[in-house]
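Notes follow the structure.
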Amino acid sequence: MRSAPAGWFRKTLRDWREREVRIVLSALVVAVATVATIALFASQLQHTLVTSASAFMAGDRQLEAENGQPVPQAWRDEANQRGIATARVVEFSTMVYGGGRFQLVSVNAASDEYPLRGQIEMQATPEAPRRQVSAGPPPGEVWINPRLLRLLEIQIGDAIEVGNRALTVTGLLLRQPDGGFAMSALAPRILMHDTDVPSTGVIQDGSRVEYENFFAGEEAALDAFYEWLRPRLSPSHEWASIRDGQTLSDSLRKAERFLLLGGSLAVLLSSVAVAVASRQYALRQRDTVALLKTLGQAGPHIARGYLARLTAWAVCGLIGGILLAIPLSWGLSLLISRLLDQPMAYRMDWLALGPALATALVALFAFAYPPIRRLRHVPAMRVLRSQPGETGQGALRDGLVALIAVFGLVWLYARELELVLALLGGLAALLGVLAVMGWCLMMALRRVSGGGNAWRLALVGLYRHRRASLAQMSVFAMTLMLAAILVLVRSSLLDDWQSQLPEDTPNHFLINIAPDAVEDVRDFLTERDVSLGRLYPMVRGRLTEINGQPVRQAVSKDEEVNALNRELNLTWMEALSDNNAIVAGDWFDAGQRRGVSIEAELAERLGVDVGDRLGFTIGSETIAEPVKSIRTVQWDSMRPNFYMVFPPEGALTDLPATWITSFYLDPSRKSVLNDFTASFPTVSVLELDHIIDRIRDIVGQVTQAIEAILALVLAAALVVMAAVVSATLQDRQREGALLRTLGAHQRLLTRSTMMEFALLGGLAGLLGVMAAEVAVWALQYRMFEGAFRWHWPVLIAFPVLSAVVLSLFGRWQLRPVLQVSPMLLLRRLE
Amino acid sequence: MATTHPILEVRQLTHRVNPGNESLTILRDIELAIETGESAAIVGRSGSGKTTLLGLMAGLDTPTEGAVSLDGEVISQMDEDDRARMRAHRVGFVFQSFQLLPSLTALENVMLPLELASHPSPAHQARELLERVGLGERLQHTPRQLSGGEQQRVAIARAFAAQPRILFADEPTGNLDNDTGQAVSDLLMALNREQGTTLVMVTHDEQLAERCQRRFSIEAGRLSEPALAAGMEVDE
């Protein structure tokens, strides 16, 4: 065997001297670099986002046991053995005694490790600065909600009694990382150490206790642990990852999808570049092949030679691309990590290089190989005389193979059939439009006759090179379509996020307002110029029956419906909330007393339709109501949202309810809260401003990442265009030189060339952006859950920009023609 | 048709190129005058500088020293755009390697100079010329579909398309076999006579050179006009 790596390398080095090979290799390097950069960066970003999002739930995963039994120690041991860190919080309600008074509190007793992610915010005294700490109080101490100081009339340093155990108050508990969204904690909360729990004697058999377990570690380990754990879980166990949460996970999922989309587009773009350059290479190799055949080499032997060559290029492209991708992704990660609270170490995820490897192989063997493979059919006769019409053979089949390959690749990469279909649909639409447009254009251009005028010369040029013009336009349009898709998705994604959390998003919730205090609360806040959102009554109850059947039997076992595991907040209202929309049935008629409106996703998972009867258990009461309507709910709106809504004067009205509302409070007016809690000690105030800020931060980080990916993909698009333009470089230069010889002056040549390219670019841009709208229209709804709208700025900017960029390319291409004497150029190009 | 003032005049022309740091003199002290309607051949071995001289005379490049006048205007002092204008209206070219644009049909190739000279009906004129050179049936063929001789005939049609005052030919039969070369040179001479064009060609084909009224030889960058050829008229 002679084909040792050194031999390959030498051959590739020799190939490098050929311009087309340089383009193929450059395109390949860019392809691998882009895909690898995106993959590496996406993996790093994922890690970053997961870490920062995990901070909201004090771990990467949560396991909650609502059955009053602690989670078996064996489960935690198993997790630890898998390299997963664990922490535990026991939650229960009890009366505490202090300052001569009793008060109902919600106790959190945390292990040393808590929180695994994120930090606890506390104050040593009411006047001390707020501090972020990464562990709760040590044994013997307790941190309490500031409200308790007033309710019990005690001071920091005093002791309170929790059951049989006296604990010293050493701090004020302001916020726990995982405390944000839970509205169940209506009583003031205290945080103590979990080793003190047995000595309190509070937890007896049958006590209502929840055991929260936190897990943190590598994603793969966590997933594997969950696989191990899943068969052991009972219905009262609730496993949660950040992807299951509502607000954050939506943003994360969209960001992940965007990265995948970006990566897929990069794959497509790079493949186009490789295809264009290798086709050019194959065309130029025909004479060589004919000569080799004349010299006695057989077709299959020649084909094997080229295959070996392609393999060598694949290796070089892969190495080059990865060498480029590592510093690039590192740089991008640096950009992102600056935005994080804690700096993060760069992790090299070797698995992420898989897609890059696949890209290199598919790009070369599906795109570059077919035209090169056909070389073996080049007749030896070509040495004597070129045969007309031998260039287009099998191009259609090649195209089909390439199309299937690349979509297979995108599918493999993004695992989103919708994405693949939307791209395929967009491309098909584009090609259809191109065919029609091209035909019309050429018909129109046929009538233009040439002249000394630059415009006419440009139009004639377009017509004369119609095959090349149409081919270039198709590639440009496709490239621009892919870039436009990303731009469009990016803008609507960012718009979406911005409109999701506008400036005046409610950042405080008031919970547990007694019915007779509703008016006072409203007056209190209105007097202080705080605009209060709607007030909703809230009754807590469980969904127990569907059409008279126990809900556990009615719902198939495979469905994990979290809403069934806990009490739901039920409400009644007269008019539908702004952020709700009816998707089936009708809203309650005025005066209607029967019926319930259910949230759409829950209805789908329960298999509930309009007309089904839902039975609820509320305290000791049971009620049953027919489903009147199904609603979508915007969960991330930061307003009170409900799974179940009843009509006013309906089934809930006579049951004991508390009221809930939300409002926006400017950060500078935090003092209003102190007055409020003094006036309404029983009302719980939930401060969400911190969480909203954090979400905005994350959206900001994701936005930066998206911009970076966009820049990469646009760069890839530029490389494609350069590859396409330089494929015809030699012909164009020869033509320029000849035109100059025939007396075209420089300005005419420059103008007509720039105009020709501008026309090409403008048309390609217009077609591309229109096709992108079609694809985005399909993508938008399915993947990013946004509404379709026309994007006029992009529709105008893209054709203009591509016209400008291409005319500059044209000018650049003409440079040697203008600088060198035409005689020299003609000789050089011969 | 012929007037007495020379259509092409070269005075004290010296041309140097700088490959690397060395200065290489390609042409030295060339003196030459061609009258309107004359045909002249410049013969010499490969590398003697004859094609460079042709390019300088046609205004495709400017000489290091000396002057070239074409049709009474000193083109060696013009800027590139003025020279281009001059070429568009008064100069035609025939090249050894034909220099047809591969993506254009025969008709479109011939139309090129007509379009650049803003001719009112370039297609009509081009068709007539192609019929004249015997390619009336091959109008829509691209160069790849034509033989060498046919390609050179298209190139000749293109050269005469804009009715130039002077035609420069660089080894017009150099890439063709004897018979085809003969046919092409017959065509070139015939068209030259019909249109009263001045013809200046560079060749190493002695037979072709002898068909010109004047014959110059170039050796190591120096031009001479052997006495026996001067004023001689050779024709079939």
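The values are calculated or read from the model by the stated rules, or taken from the named source; none is laboratory data. Computed from a predicted structure; not experimentally measured. For neighbour counting, all protein chains shown are included, and Cβ atoms are generated from backbone atoms with ideal geometry for every residue, glycine included. Quick note on the areas: whole protein, heavy atoms, side chains included, nothing else; ligands and nucleic acids left out. Shrake-Rupley method; radii C 1.70, N 1.55, O 1.52, S 1.80 Å.
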Tally of residues being in contact (Cβ under 8 Å) with a residue 60 or more places away in the chain and either among the β-branched types (Val, Ile, Thr) or within 14 Å of A:Ser199 (Cα to Cα) (or both) across the range A:144-165: 4
B:Thr105 being under 17 Å from B:Leu32 (Cα atoms) and polar (S, T, N, Q): no
Failed item, numbered, when A:Thr168 is tested on (1) touching a Leu at 6+ places or on another chain (Cβ under 8 Å); (2) among the hydroxyl-bearing types (Ser, Thr, Tyr); (3) modelled with pLDDT of 90 or more: (1)
Pairs where the first residue, in the range A:118-143, is on the phi > 0 side of the Ramachandran plot and the second is of a type in the set (Lys, Arg) and in a strand (DSSP E or B), C-beta under 9 Å, 6+ apart: A:Gly140/A:Arg165
Any hit, the range B:93-108, residues being over 27 Å from B:Gly148 (Cα atoms) and either more than 8 Å from chain A (Cβ to nearest Cβ) or open to solvent by 30 Å² or more (accessible area, probe 1.4 Å) (or both): no
Hey, B:Pro120 within 12 Å of chain A (Cβ to nearest Cβ), farther than 28 Å from B:Ile42 by Cα and in contact with an Asp or Glu (Cβ under 9 Å, 6 or more places away or on another chain) or not: no
Considering residues of the range A:623-675 that are of a type in the set (Gly, Ala, Ser) and free of Cβ contacts under 8 Å to residues at least 40 places away in the same chain only, the residue most open to solvent (accessible area, probe 1.4 Å): A:Ser668
Within the range B:142-155, considering residues that are within 12 Å of another protein chain (Cβ to nearest Cβ) and open to solvent by 60 Å² or more (accessible area, probe 1.4 Å), the one farthest from B:Leu100 (Cα to Cα): B:Gln145
Pair list, Cβ under 8 Å, 6 or more apart: the range A:730-753 residue farther than 9 Å from B:Ala84 by Cβ and more than 7 Å from chain B (Cβ to nearest Cβ), other residue surrounded by 24 or more Cβ atoms within 10 Å (Cβ to Cβ) and among the β-branched types (Val, Ile, Thr): A:Arg732/A:Thr753; A:Gly736/A:Thr753
Odd one out for B:Leu27, checked against (1) at pLDDT below 90; (2) touching a Pro at 6+ places or on another chain (Cβ under 9 Å); (3) more than 10 Å from every other protein chain (Cβ to nearest Cβ): (1)
Evaluation of A:Arg613 against (1) over 30 Å from A:Phe524 (Cα atoms); (2) crowded, with 19+ Cβ neighbours inside 10 Å; (3) touching an Asp or Glu at 6+ places or on another chain (Cβ under 9 Å) (one fails), failing number: (2)
Of all residues making up the range A:123-150, the number that are crowded, with 17+ Cβ neighbours inside 10 Å and in contact with a His (Cβ under 8 Å, 6 or more places away or on another chain): 3
Filter result for A:Val724 (farther than 22 Å from A:Leu480 by Cα, touching a residue at least 12 places away in the same chain (Cβ under 8 Å) and more than 14 Å from every other protein chain (Cβ to nearest Cβ)): no
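To keep it simple, each residue is scored yes or no on (1) more than 24 Å from A:Thr682 (Cα to Cα); (2) touching an Asp or Glu at 6+ places or on another chain (Cβ under 7 Å); (3) assigned to a loop (DSSP other than H, G, I, E, B).
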residue: A:Ala74; (1), (2), (3): yes, no, no
residue: A:Glu78; (1), (2), (3): yes, no, no
residue: A:Ala87; (1), (2), (3): yes, yes, no
residue: A:Val90; (1), (2), (3): no, yes, no
residue: A:Gly118; (1), (2), (3): yes, no, yes
residue: A:Met122; (1), (2), (3): no, no, no
residue: A:Pro126; (1), (2), (3): no, no, yes
residue: A:Gln132; (1), (2), (3): yes, yes, no
residue: A:Pro137; (1), (2), (3): yes, no, yes
Some residue of the range B:30-42 being touching a helix residue (DSSP H, G or I) at 6+ places or on another chain (Cβ under 6 Å) and surrounded by fewer than 22 Cβ atoms within 10 Å (Cβ to Cβ): no
Residue satisfying condition, being open to solvent by 40 Å² or more (accessible area, probe 1.4 Å), within 13 Å of another protein chain (Cβ to nearest Cβ) and out of contact with any Gly (no Cβ under 8 Å at 6 or more places or on another chain), within set B:Arg138, B:Arg132, B:Arg193: B:Arg138
Tabulated pairs, the range A:362-374, first without any contact (Cβ under 8 Å) to a residue 60 or more places away in the chain, second open to solvent by 40 Å² or more (accessible area, probe 1.4 Å) and of a type in the set (Val, Ile, Thr), C-beta under 8 angstrom, 6+ apart or interchain: A:Pro370/A:Val401
Cross-chain or 6+ apart pairs with Cβ under 7 Å, the range B:42-54 first and within 13 Å of another protein chain (Cβ to nearest Cβ), then aromatic (Phe, Trp, Tyr) and open to solvent by less than 10 Å² (accessible area, probe 1.4 Å): B:Leu54/B:Phe168
Residue identified as under 14 Å from the mean Cα position of the chain (by Cα), open to solvent by 40 Å² or more (accessible area, probe 1.4 Å) and not hydroxyl-bearing (Ser, Thr, Tyr) among B:Arg215, B:Arg165, B:Arg158, B:Arg222: B:Arg165
Options A:Leu824, A:Leu801, A:Leu808; residue that is surrounded by fewer than 18 Cβ atoms within 10 Å (Cβ to Cβ), at pLDDT 85 or above and farther than 27 Å from A:Gly432 by Cα: A:Leu808
Subset tally (residues that are at pLDDT below 85 and under 28 Å from B:Glu194 (Cα atoms)) for the range B:1-24: 5
Subset of the range B:61-75 (residues that are in contact (Cβ under 8 Å) with a residue 24 or more places away in the chain, within 13 Å of chain A (Cβ to nearest Cβ) and among the hydrophobic types (A, V, I, L, M, F, W, C)): B:Leu70
